[in-house]
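See structure below.
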Amino acid sequence: MKAGLERWLLQRWYGGAAPGPVLKSLALVYGALVRRRQAAFASGERTVIRLPVPVLVIGNLVAGGAGKTPLAIGLARALARRGWKPGIASRGHGRRGNAPTWARPDSDPADCGDEPLLIARQTGLPVAVDRDRVAAARRLVEEAGCNLVIADDGLQHLRLGRDIEIEVRDGERRLGNGRLLPAGPLREPAHREVDFRVINGGAAAPGEWRMDLRLGDARPLGPGEPKPLGLFAPGPVHGIAGIGNPARFFRALRGAGLDVLEHAFPDHHSYQAGELEFSPPAPRLMTEKDAVKCDGLGLRDAWAVPAVAELPAAFVDAVHRRLAEARREPNPVPAREQT
């Protein structure tokens, strides 16, 4: 039911189907609520919580994924090399329960969420998970000693004060039909201003920064050594993706010369071994976000394919400078002093 509704909405948001009068009416109500909430924070009626360290929020204007987590990983790594001590705050979508926790490389994704676990494994940095993003950010500063908080998602969570906002857009889907939820994919009006706009694939317009996701060697789920994607060619292979835009992953695999049998699942899907048995037998290639939930399923010939964010050095330098201007503690080591 959920998957069917998702497909139905995506056809209206991105596929050219008309949303209809009911969705349009609901969008008017939703838009009024968004404007009222924004005005409450702007006027001081609702309180914005400021932390003693800079806060950088990565998010998007549309519902669903656009590449926030790969950007958060890539940017956190790059800023750590420039002398910052970043920590990542996440709500942990798709996890069971709401208890505050830390995502560590050996955490159960059901407890902390798939994206926080992926971030913890790929960065080795502190990752605080809490539905209260302010509380998560405070724990990073007070308990982990971070001098920079990166919020993975949360562009619309205005209670957490921020120094930099970065919006990520899918370079293929962009803003869809440009309408507010549920008539379109927009969480807030398209004219929302941000400090930086990153385009995940596709052409970047003036004032935008392009990010490309490069697929790395496949890692086996279980014992074994990584394997270049070219060694799976010509295929067939079963492509598995439970992300915001599964088609992007499947196209990337085809770009590596593979014949891909597509298996798209809802974002943050919780997998069972039986639903990953396909015919004909062939290697199963999945995103790393999916793999963190499948590591314990005992799957044979199953592989995680990492997607590494490639960011322009000028973009990272610009973010670093803005953070240095916003700092509320001694300077981090400048980039030019790094070895």
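Summary table
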read-out: Scope the stretch 270-292; condition open to solvent by 40 Å² or more (accessible area, probe 1.4 Å) and either closer than 25 Å to GLY201 by Cβ or not in a loop (DSSP other than H, G, I, E, B) (or both); matching residues; value: GLY274, GLU275
read-out: From the options GLY15, GLY92, GLY97, GLY64, residue that is assigned to a loop (DSSP other than H, G, I, E, B), touching a Cys at 6+ places or on another chain (Cβ under 6 Å) and either open to solvent by less than 30 Å² (accessible area, probe 1.4 Å) or not aliphatic (A, V, I, L, M) (or both); value: GLY92
read-out: Top-ranked residue in the stretch 238-261 [being modelled with pLDDT under 90 and in contact with a Phe, Trp or Tyr (Cβ under 9 Å, 6 or more places away or on another chain); ranked as surrounded by the fewest Cβ atoms within 10 Å (Cβ to Cβ)]; value: PRO246
read-out: Single residue of GLY230, GLY216, GLY235 found to be loosely packed, with under 12 Cβ neighbours inside 10 Å, out of contact with any helix residue (DSSP H, G or I) (no Cβ under 7 Å at 6 or more places or on another chain) and touching a residue at least 12 places away in the same chain (Cβ under 8 Å); value: GLY230
read-out: Checking MET211 against (1) more than 30 Å from GLU193 (Cβ to Cβ); (2) touching a Leu at 6+ places or on another chain (Cβ under 7 Å); (3) open to solvent by less than 20 Å² (accessible area, probe 1.4 Å), the condition it does not meet; value: (1)
read-out: Residue check, LEU231 of a type outside the set (Asp, Glu) and touching a strand residue (DSSP E or B) at 6+ places or on another chain (Cβ under 6 Å); value: no
read-out: Residues being of a type in the set (S, T, N, Q) and farther than 23 Å from ARG81 by Cβ - total across the stretch 95-152; value: 3
read-out: Residue among LEU28, LEU56 that is at pLDDT 95 or above, assigned to a helix (DSSP H, G or I) and of a type outside the set (D, E, K, R); value: LEU28
read-out: Residue match in the stretch 81-89 (condition: closer than 22 Å to GLU288 by Cα and open to solvent by 10 Å² or more (accessible area, probe 1.4 Å)); value: no
read-out: Some residue of the stretch 330-338 being closer than 23 Å to ILE199 by Cα, surrounded by fewer than 18 Cβ atoms within 10 Å (Cβ to Cβ), modelled with pLDDT under 90 and among the β-branched types (Val, Ile, Thr); value: no
read-out: Test for ARG300: is it touching a residue at least 60 places away in the same chain (Cβ under 8 Å), open to solvent by 50 Å² or more (accessible area, probe 1.4 Å) and not in a helix (DSSP H, G or I); value: yes
read-out: Qualifying residue in the stretch 79-88 (condition: of a type in the set (A, V, I, L, M, F, W, C) and modelled with pLDDT under 95); value: no
read-out: Scan of the stretch 192-229 for residues that are closer than 15 Å to LEU175 by Cα and among the basic types (Lys, Arg), ordered by number; value: ARG192, ARG197
read-out: Per-region count, the stretch 145-195, residues open to solvent by less than 20 Å² (accessible area, probe 1.4 Å) and in contact (Cβ under 8 Å) with a residue 60 or more places away in the chain; value: 22
read-out: Check on ASP295, in a loop (DSSP other than H, G, I, E, B) and more than 23 Å from VAL198 (Cα to Cα); value: yes
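The values are calculated or read from the model by the stated rules, or taken from the named source; none is laboratory data. Quick caveat, the model's predicted, so the values are computed rather than measured. Neighbour counts run over all protein chains shown; Cβ positions are idealised from the backbone, glycine included. Surface accessibility is based on the protein's heavy atoms, side chains included, excluding ligands, DNA and RNA. Shrake-Rupley method; radii C 1.70, N 1.55, O 1.52, S 1.80 Å.
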